[in-house]
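The values are calculated or read from the model by the stated rules, or taken from the named source; none is laboratory data. Because the structure is predicted, anything quoted here is derived from the model rather than measured. Reconstructed Cβ throughout: ideal geometry from the backbone, glycine too, with neighbour counts over all protein chains shown.
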Amino acid sequence: MRVILTTVLLTISSYAFSQKAFEFAYYYGKTKNFEIKLSLADGYILGSEIIKTDIKTGKKVKYFPNEVPGKNGHSLVFLPDSNDKTIRIRKRDNIILRNIKEDYENLPGKIYGIYGIDLKTYSFNLRHQSANH
């Protein structure tokens with residue numbers, strides 16, 4: 001009986017500690033060649049992700065943050081998912097978002113970013129979407 005009770009208590013307590021301490025805010029942007037969807041994890045920036053979709057082929061690639069921005073906010077670099085074996089190795093393949101913070105009092109309405117692939121660079125703006133995106 002003690003073993004069962006201990007197991008139940010450990011399961012409940014581990015569930016309580018594994019809950020997320022952040023909320024997602026959604027942003028969307030588009031250029032001539034691709035569209036970008038950002039799930040911004042407000043409160044834990046490393047929980048964010050970007051999905052870039054090639055408009056011509058429909059191919060989607062996930063990008064994840066590479067480092068934590070400083071307290072005053074700065075650029076946050078996203079790199080392609082290293083587990084995705086369909087991604088071709090490039091000289092450069094990253095997305096950089098400007099003025100990103102770990103935690104926001106008021107979410108920005110717009111986020112400026114650049115997408116760099118090989119020797120090309122594309123600028124874009126992401127606009128805040130409603131929760132029902």
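Would you confirm, using the coordinates I've provided, whether LEU107 is at pLDDT 85 or above, not polar (S, T, N, Q) and not in a strand (DSSP E or B)?
Working: at pLDDT 85 or above: yes; not polar (S, T, N, Q): yes; not in a strand (DSSP E or B): yes.
For LEU107, the condition - at pLDDT 85 or above, not polar (S, T, N, Q) and not in a strand (DSSP E or B) - is met.
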Long-range neighbours under 6 Å by Cβ, at least six apart or interchain, first residue touching a residue at least 12 places away in the same chain (Cβ under 8 Å) and closer than 13 Å to LYS62 by Cα within segment 77-100, second among the acidic types (Asp, Glu) and not in a loop (DSSP other than H, G, I, E, B) | PRO80/ASP93
Only one residue in ILE50, ILE87, ILE100, ILE95 is modelled with pLDDT of 95 or more and among the hydrophobic types (A, V, I, L, M, F, W, C). Which one?
-> ILE50
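Identify, from the list ALA16, ALA21, ALA25, the residue that is more than 30 Å from ILE89 (Cβ to Cβ), at pLDDT 85 or above and among the hydrophobic types (A, V, I, L, M, F, W, C). Don't jump to the end; show me each part of the working.
Details: ALA16 fails: at pLDDT 85 or above; ALA21 fails: at pLDDT 85 or above.
After applying the criteria, what remains is ALA25.
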Answer yes or no: is there a residue in segment 53-67 that is of a type in the set (Val, Ile, Thr), out of contact with any Lys or Arg (no Cβ under 8 Å at 6 or more places or on another chain) and surrounded by 13 or more Cβ atoms within 10 Å (Cβ to Cβ).
-> no
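Would you mind stating whether ARG92 is of a type in the set (D, E, K, R), within 17 Å of THR53 (Cβ to Cβ) and more than 15 Å from the chain's Cα centre (by Cα)? If you could, list the steps in order and put the result at the bottom.
Working: of a type in the set (D, E, K, R): yes; within 17 Å of THR53 (Cβ to Cβ): no; more than 15 Å from the chain's Cα centre (by Cα): yes.
Answer is no for this residue.
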Among ASP84, ASP93, ASP103, ASP118, the single one that is acidic (Asp, Glu) and surrounded by 13 or more Cβ atoms within 10 Å (Cβ to Cβ) is ASP93
Residue under evaluation THR57, criteria (1) assigned to a loop (DSSP other than H, G, I, E, B); (2) within 11 Å of the chain's Cα centre (by Cα); (3) of a type in the set (Ser, Thr, Tyr), criterion not met | (2)
